[in-house]
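For reference, the structure is listed below as structure tokens.
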Amino acid sequence: MLTSTNDRAIETHSLVKTFHTKHGFLTRTTRSTEAVRGITFHVNKGELFGLLGPNGAGKTTTVKMLSTLLIPTSGSIHIFGQDILQHTRDIRKHIGFTFGGAHGLYGRLTAIENLRYFAELYALPPRETHNRIRELLELVGLRDRGNDRVETYSSGMQQRLHLARVLLHDPELIFLDEPTVGIDPVGARELRSTIKLLKNQGKTILLTTHYMAEADELCDRLAIINHGQIIAMDSPSSLKSKLTSDAFVELKTSGENLPSVKNVLAQLDPDSEVTYNQHAFVWEVNIRTRQPGVVMELLAPLLSSNLIQTLGVRNQTMEDVYVSIIQNGGA
Amino acid sequence: MIGNFLRLGIRQMNVQLRMRVLSLWSLALFFTQPAIFSAIGMLLARAVGNTRPDLVYTVLGAGIMGMWSGLVFTSTYDIRADRREGTLELIVGSPTPLRRVVGFRSLLNILAGSTSMLAAVAAALFIFDYSFSGINIPGVVISFSLLLLALWCMGIFLANILAWSRLSGTFVDLLEMPIALLCGFMYPISVLPAWMQQISAVFPIRWGLETLQDALKGSLIDSALVNKWLIALGVSFVYYLLARWFDRKVHDHIRITGELHSI
Amino acid sequence: MIKRLGHLFRLYFFQAWFSYRSLFAWSTPFSYATSKFGFPFFAMLFFVFMGKFVGFLDPMFIVIGNILMMPTTNGLYGISMTIGNERQFGAMSYLLGSPAPRAPLFLGRAFFHILDGFVTVLVALPIAMLIFHIDFAEVNLFMLACCLVLLSITTTGLGFIMGTVSLLSRDGWMFTNTLGQLLYILIGVNIPIERLPGFLQPLSGYLPMTRGILATRLALGGAGWSEVASLLAGEILVAAVYMVFGYTLFRLVERASLSTGSLDSI
């Protein structure tokens with residue numbers, strides 16, 4: 001265990017990462033991309049911290065800096081109180097990371113061979129390796145497939161094997177970059193249970209995802225990141241409560257009946273927000289309102305005269321919070 | 001400690017071998033190019049009336065060519081595959097230094113390439129009916145060991161260049177022929193113009209190879225041969241030190257540019 | 001009719017350009033030059049020194065032969081990889097499922113490779129002539145240019161066949177590589193055909209480029225049209241046979257894949 005003077009597993013300050021790429025055949029120009037633009041946050045020991053954001057927001061770049069794979073352009077990172085640039089090798093012994101997808105495994109080797117290979121890279125004692133691999137395959141539900149080549153695995157199985165690989169050397173801090181991407185709902189649920197189990201064992205976990213429900217279910221705290229900056233950071237419940245108690249009334253109608261619907265919606269109070277989305281012949285209308293009952297009363301006659309096909313009301317979800325924060329640029 | 005080191009080595013080699021064996025045909029690459037180059041040498045000699053090929057340069061030279069081409073090809077393949085598959089960042093992000101992984105891989109690549117030398121020896125014995133009775137056996141053993149060391153040192157040096165950027169594979173591939181050309185793989189170094197001979201002095205392979213060729217031709221272990229051995233050892237060591245120095249630069253560079261992954 | 005021709009032309013042009021660009025995404029002039037001239041140039045010098053060692057006293061034969069071989073980088077390797085890569089990158093299903101006519105799709109891939117191959121040899125030949133002090137005074141430059149264009153085209157015949165082989169087998173690149181290296185022996189690049197062992201000489205006659213290289217050598221020696229005409233005609237005929245065979249093979253493979261699904265993945 002790395003010694004640390006405080007309870008923080010991760011501490012970053014004004015983290016910036018800029019990539020420079022060259023373009024052009026005859027005249028070369030250098031283009032700079034600021035993937036991360038001044039991120040400051042901390043993760044406490046034993047905490048499950050989520051990093052949320054759309055594609056290209058800077059989540060993976062941040063995780064790669066935190067896991068020693070990228071050097072920040074400026075700013076500082078301390079892992080368990082140690083500066084990441086000065087104690088790189090030491091820190092690597094105590095962290096585990098995975099970047100999701102089908103990458104990062106040797107497809108022509110079996111799961112057991114893959115794990116043995118990485119066990120050597122982490123200098124696991126040979127006597128422990130055998131048992132550890134068996135335990136981990138059991139944990140991720142791959143015990144029966146341990147001797148099969150990884151190229152025959154489904155994406156869900158590969159993700160689970162990634163998790164087993166991350167846990168080989170029993171790291172105190174785990175980075176999981178979109179661990180459930182591309183997995184079916186059942187597999188994703190199982191993986192989330194395993195992540196919860198790890199948290200209960202006292203591991204510190206930093207998880208990136210763009211599944212809002214996942215973040216809501218798993219994370220103690222989360223940061224929403226967009227265009228390389230943190231635009232909101234708090235516990236999922238606090239983030240939700242910061243937003244209004246708006247509800248959403250949703251209906252479906254045909255293009256032919258849309259004008260009638262629009263006529264009725266014109267009577268709504270100005271604070272309500274209406275969005276229209278067309279899917280083939282059907283229009284989905286979404287009304288964000290503080291008075292769902294009033295809106296329902298207005299629309300009920302349309303339902304009874306078959307001018308709308310479905311009508312319903314739902315409460316705000318984490319996804320609505322996320323979309324609202326991203327669209328408004330901050331909480 | 002030593003046990004850990006050896007286990008890592010064995011595991012590393014095992015993975016590399018398993019990853020590489022795409023099919024028997026792909027293994028033929030170690031043999032086809034050297035055999036074809038050797039055949040060109042024989043046919044050129046035949047065109048001017050020499051029907052018996054030269055043992056040291058034309059036949060065994062093909063073995064050397066196979067070892068070198070194999071080293072370049074497999075080293076380039078390894079790093080490209082690891083970049084593409086996303087395993088390079090897992091290796092770099094582990095506590096084991098990349099240079100140790102690369103060191104074992106280069107060793108395996110050279111040992112695998114040695115099979116083309118065995119094939120060349122077999123061709124000399126069974127196809128061209130040569131006997132090796134006149135050779136200086138201790139000289140050959142020491143020279144061949146030094147040649148392996150020279151290849152390994154160049155291998156780990158080139159591996160650093162390969163790790164530097166996703167585009168450096170093209171550059172390393174490009175070095176295959178110039179080094180074969182300058183180090184006299186299939187002809188004596190004296191055939192080259194003087195300025196080329198001077199350039200080739202900076203490559204340890206040239207010295208290891210020259211001593212091997214001398215020993216195969218029956219040269220005794222005299223001061224000239226020993227001097228060349230020492231030069232081979234010295235230049236190899238310089239490459240080893242360069243590789244160690246470069247290794248640190250590469251470790252920082254790839255983490256600044258984000259060249260660990262090809263996507 | 002004009003609209004249809006316009007469509008075919010666009011299809012041909014874009015196929016050619018995008019397949020060329022996707023394969024050879026050169027980033028700098030240096031990377032272009034090194035990958036085009038690097039291996040052929042140093043291999044040429046290697047053969048020259050090899051020849052010097054064994055007493056082959058005509059280095060110019062080797063130099064010219066190797067320069068004339070340069071379009072194979074495009075015609076053999078480039079085209080073979082372009083077709084073979086469709087399978088590797090999973091684009092084959094989209095291609096086979098598209099209603100586009102097959103001949104422009106297939107043959108279209110060659111256009112920029114032919115152009116690039118021609119430019120390569122056009123650059124390399126004068127440089128070699130300057131270095132080795134060869135006199136151009138007697139050379140019919142128009143005829144020489146015709147020979148070089150023809151060589152750039154005929155080398156694609158093998159590329160089409162090997163490309164289709166690459167669609168069938170993931171070891172296709174291996175066969176292409178071996179064939180490419182055998183050409184150093186078989187088509188009169190390093191060794192005069194008449195000095196090859198008897199059993200190899202007829203094989204040379206069945207390969208594209210053999211007659212083209214011989215005709216170009218004669219053109220460089222100051223020969224006239226009458227001396228090279230039959231060689232050029234033979235070269236065109238052999239190349240046409242290879243192209244037709246390559247295209248037919250591609251169509252057969254395409255048809256078979258509809259029932260077996262063999263082109264979906266590696």
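Of all the criteria given as (1) charged (D, E, K, R); (2) surrounded by fewer than 22 Cβ atoms within 10 Å (Cβ to Cβ); (3) more than 11 Å from every other protein chain (Cβ to nearest Cβ), the one not satisfied by B:Glu85 is (3).
When the helices (runs of 4 or more DSSP H) confined to region C:146-236 are screened for residues that are touching a Phe, Trp or Tyr at 6+ places or on another chain (Cβ under 7 Å), those reaching at least 3 such residues are found at C:156-168, C:172-186. Taking the listed residues B:Val235, B:Val226, the one that is more than 10 Å from chain C (Cβ to nearest Cβ) and exposed (fewer than 14 other Cβ atoms within 10 Å of the Cβ) is B:Val226, with no other qualifying. Looking across region B:25-55, the residues that are among the β-branched types (Val, Ile, Thr) and surrounded by fewer than 22 Cβ atoms within 10 Å (Cβ to Cβ) come down to B:Thr32, B:Ile36, B:Val48, B:Thr51. Filtered by the rule that a residue be more than 9 Å from every other protein chain (Cβ to nearest Cβ) and within 17 Å of B:Met196 (Cα to Cα), region C:48-65 gives a lone residue, C:Val48.
Which residues, counting only those in region A:298-321, are over 39 Å from the mean Cα position of the chain (by Cα), free of Cβ contacts under 8 Å to residues at least 40 places away in the same chain and not in a loop (DSSP other than H, G, I, E, B)?
Result: A:Pro301, A:Ser304.
Answer yes or no: is there a residue in region A:13-28 that is among the β-branched types (Val, Ile, Thr), loosely packed, with under 14 Cβ neighbours inside 10 Å, over 20 Å from A:Asp177 (Cα atoms) and in contact with a Lys or Arg (Cβ under 7 Å, 6 or more places away or on another chain).
Checking region A:13-28: at least one residue is among the β-branched types (Val, Ile, Thr), loosely packed, with under 14 Cβ neighbours inside 10 Å, over 20 Å from A:Asp177 (Cα atoms) and in contact with a Lys or Arg (Cβ under 7 Å, 6 or more places away or on another chain).
Of all the numbered requirements in (1) in a helix (DSSP H, G or I); (2) over 18 Å from the mean Cα position of the chain (by Cα), B:Phe144 misses one, and that requirement is (2).
Do the conditions hold for A:Lys64, that is, is it facing another protein chain (nearest Cβ under 8 Å), farther than 27 Å from A:Met212 by Cα and either surrounded by fewer than 23 Cβ atoms within 10 Å (Cβ to Cβ) or not aromatic (Phe, Trp, Tyr) (or both)?
no
I'd like to know if region A:72-84 contains one or more residues that are surrounded by 16 or more Cβ atoms within 10 Å (Cβ to Cβ), within 12 Å of chain B (Cβ to nearest Cβ) and β-branched (Val, Ile, Thr). Yes: one or more hits.
Can you find even one residue in region C:186-205 that is under 15 Å from B:Ala39 (Cα atoms), buried (at least 22 other Cβ atoms within 10 Å of the Cβ) and under 13 Å from the mean Cα position of the chain (by Cα)? Taking every residue of region C:186-205 in turn, at least one turns out to be under 15 Å from B:Ala39 (Cα atoms), buried (at least 22 other Cβ atoms within 10 Å of the Cβ) and under 13 Å from the mean Cα position of the chain (by Cα).
Quick check on this structure: which one of A:Asp90, A:Asp177, A:Asp144, A:Asp184 is farther than 24 Å from A:Ala35 by Cα and either surrounded by 15 or more Cβ atoms within 10 Å (Cβ to Cβ) or without any contact (Cβ under 8 Å) to a residue 24 or more places away in the chain (or both)? Walk me through how you get there before you give the answer.
Values: A:Asp90 fails: either surrounded by 15 or more Cβ atoms within 10 Å (Cβ to Cβ) or without any contact (Cβ under 8 Å) to a residue 24 or more places away in the chain (or both); A:Asp177 fails: farther than 24 Å from A:Ala35 by Cα; A:Asp184 fails: either surrounded by 15 or more Cβ atoms within 10 Å (Cβ to Cβ) or without any contact (Cβ under 8 Å) to a residue 24 or more places away in the chain (or both).
Sole residue among the options that is farther than 24 Å from A:Ala35 by Cα and either surrounded by 15 or more Cβ atoms within 10 Å (Cβ to Cβ) or without any contact (Cβ under 8 Å) to a residue 24 or more places away in the chain (or both): A:Asp144.
Looking at the structure I just gave you, is B:Ala124 more than 13 Å from chain A (Cβ to nearest Cβ), in a helix (DSSP H, G or I) and in contact with a Leu (Cβ under 9 Å, 6 or more places away or on another chain)? Here the answer is yes, as B:Ala124 does meet what is asked.
The single condition from (1) closer than 26 Å to B:Ile156 by Cα; (2) of a type in the set (D, E, K, R); (3) surrounded by 13 or more Cβ atoms within 10 Å (Cβ to Cβ) that B:Arg248 fails is (3).
Conditions tested, residue by residue: (1) within 14 Å of another protein chain (Cβ to nearest Cβ); (2) within 12 Å of the chain's Cα centre (by Cα); (3) touching a residue at least 60 places away in the same chain (Cβ under 8 Å).
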site	(1), (2), (3)
B:Ala150	no, yes, yes
B:Arg166	yes, no, yes
B:Glu176	yes, yes, yes
B:Leu181	yes, no, no
B:Met196	yes, no, no
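Identify all residues within region A:106-134 that are without any contact (Cβ under 8 Å) to a residue 40 or more places away in the chain, surrounded by fewer than 21 Cβ atoms within 10 Å (Cβ to Cβ), within 17 Å of A:Leu163 (Cα to Cα) and facing another protein chain (nearest Cβ under 9 Å); write none if there are none. Passing the criteria: only A:Glu113.
Read-outs: derived from the displayed coordinates by stated rules, not from any lab. Just so it is clear, the structure is predicted and the values come from calculations on it, not from any experiment. Backbone-built Cβ (ideal geometry, glycine too); neighbour counts: all protein chains shown.
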